[in-house]
Amino acid sequence: MSNSPRLFNFSGKTLDLSESHVMGILNITPDSFSDGGELMSENGEVYFSKILKRVEIIIKTGAAILDIGGESTRPGAKEVSSQEEINRVMPVVEAISGNFDVIISIDTSNPELINLCQKSGVGLINDVRALTRKGALEAAAESGLPVCLMHMQGAPDNMQDAPKYNNVVEEVTVFLEDRVKACNAAGIGNDRILVDPGFGFGKTLEHNLELLSRLADLQRLELPVLIGISRKKMIGLVTGRREKDRLTGSIAATVLGVMNGARIVRTHDVAESVDALKVCNEILKIS
Ligand code: PT1
């Protein structure tokens, strides 16, 4: 874990990944976990002014990246049509792009949406399916944008049925290694790749805890690591708390992740995470 600057280019906006940064979550889904329905009604109406107010708060409180998602990928979630996902996400991207100093990340597996990202001021493609959907790898390569490759076992609607690994850390690492190779072969260089072990995506509590405690093993890939733990069930199982009351547990786990090498933290709780990461960053500088 070096402390010399390590600049990563998000399509024109750079971040120094020798320090850790916050990625704020903006879910534009009617059924999303944690903030579901607040920004969108059950029948698909997008609350535009509420969304822009939320974006402003996320940026003002210190998020370097804004992760916009139009498809829920929480356990049990159903897939959304390509056009519906595009209709949710693109108007918001267009309203934000150029008007705020933030890196826009799009949480998608959809090649048609990825195709639209290139000319819309997007800085990152965040794909929980690691560009495995037909056409996604080619679309991402063509876009010229950086990508975040995440590990998942199964698919959101079945991934928590019976997750099984012989060695979770090894299997997650090898999967990510294979996806990095596929990206490289498609023309996406390592300077455009982030990796994510995918907490809660086809993993039991024990799998998640093992991944977190051995997160430093992912440094073998020599790529920046992103983590998303915020308010997830693993925190609920340990603390006995409901989604809204998982902040303290989430921050504790996130700090462990950063001290074990994570450099981008995907979270609902931007202000609190920014403070926690400031403390981590000072420790990283002297160690
Ligand atoms: C994540 C992530 C994501 N998580 C990246 N993108 C979600 N790169 C969406 C639970 O166990 O970790 N990394 N995009 C949200 N998905 C989940 C999964 C939400 C599991 C909740 C759970 O509670």
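Just a few scattered comments:
- Probe 1.4 Å, all protein chains present, accessible-area order of ASP245, ASP191, ASP67, largest first: ASP191, ASP245, ASP67
- A 1.4 Å probe, protein heavy atoms only, puts the accessible area of THR254 near 10 Å².
- Charge dipole of the chain about the Cα centre (unit charges at C-beta), most positive-ward option of GLY24, LEU277, ILE96: LEU277
- Accessible area of ILE59 in the full protein assembly, 1.4 Å probe (Å², nearest 10): 30 Å²
- Judged by the ratio a/c of the largest to the smallest principal axis of the C-alpha gyration tensor, region 58-121 counts as oblate, that ratio being 1.5 or greater while a/b is no larger than b/c.
- Spherically averaged projected area of region 139-210 from its Cα convex hull (nm²): 5.2 nm²
- Cβ-Cβ distance of ALA271 and GLU177, R₀ of 30 Å, FRET efficiency by 1/(1 + (r/R0)^6): the value works out to about 0.25.
- Partners for LYS278 among lysines (Cα-Cα distance below 30 Å; same-chain residues under 8 apart left out): LYS13, LYS50, LYS53, LYS60, LYS203, LYS232, LYS233, LYS244
- With R₀ set to 22 Å, the beta-carbon distance separating ASN158 from VAL238 gives a calculated FRET efficiency near 0.40.
- Cα gyration tensor shape of region 37-161, rounded if a/c is under 1.5, else prolate or oblate by comparing a/b with b/c: oblate
- Computed FRET value (nearest 0.05) for SER120 with ARG6, which takes r as the C-beta separation and R₀ as 22 Å: 0.25
- Tensor-based shape of region 108-243 (alpha-carbon gyration tensor, a/c under 1.5 rounded, otherwise prolate or oblate): prolate
- Beyond 24 Å, the tail of the calculated P(r) for the chain holds 46 percent of the Cα pairs.
- At a probe radius of 1.4 angstrom, the accessible area of the chain per residue rounds to 44 square angstrom.
- Summing charges over all other residues whose Cβ lies under 9 Å from the Cβ of ASN9, with Lys and Arg as +1 and Asp and Glu as -1, gives +1.
- What you get for region 135-287, charging only the Cβ of Lys and Arg (+1) and of Asp and Glu (-1), is a dipole of about 420 debye around the Cα centre.
- Assuming charge only on the beta carbon of Lys and Arg (+1) and of Asp and Glu (-1), the dipole of region 154-234 about its Cα centre is about 240 debye to the nearest 20.
- Percent carbon-and-sulfur accessible area, the chain, ignoring ligands, DNA and RNA, probe 1.4 Å: 50 percent
- Extension gain, TYR47 back to MET259 (0.36 nm per residue minus Cα-Cα distance, nm): 72.6 nm
- Net charge dipole size for the chain [Lys, Arg +1 and Asp, Glu -1 on Cβ; Debye, nearest 20]: 400 debye
The values are calculated or read from the model by the stated rules, or taken from the named source; none is laboratory data. What you see is a predicted model; the values in this text were computed from it and never measured. Methodologically, a virtual Cβ is constructed for each residue, glycine included, from the backbone with ideal geometry; neighbour enumeration extends over all protein chains shown. These accessible areas exclude ligands, DNA and RNA; they are computed on the full protein's heavy atoms, side chains included. Shrake-Rupley method; radii C 1.70, N 1.55, O 1.52, S 1.80 Å.
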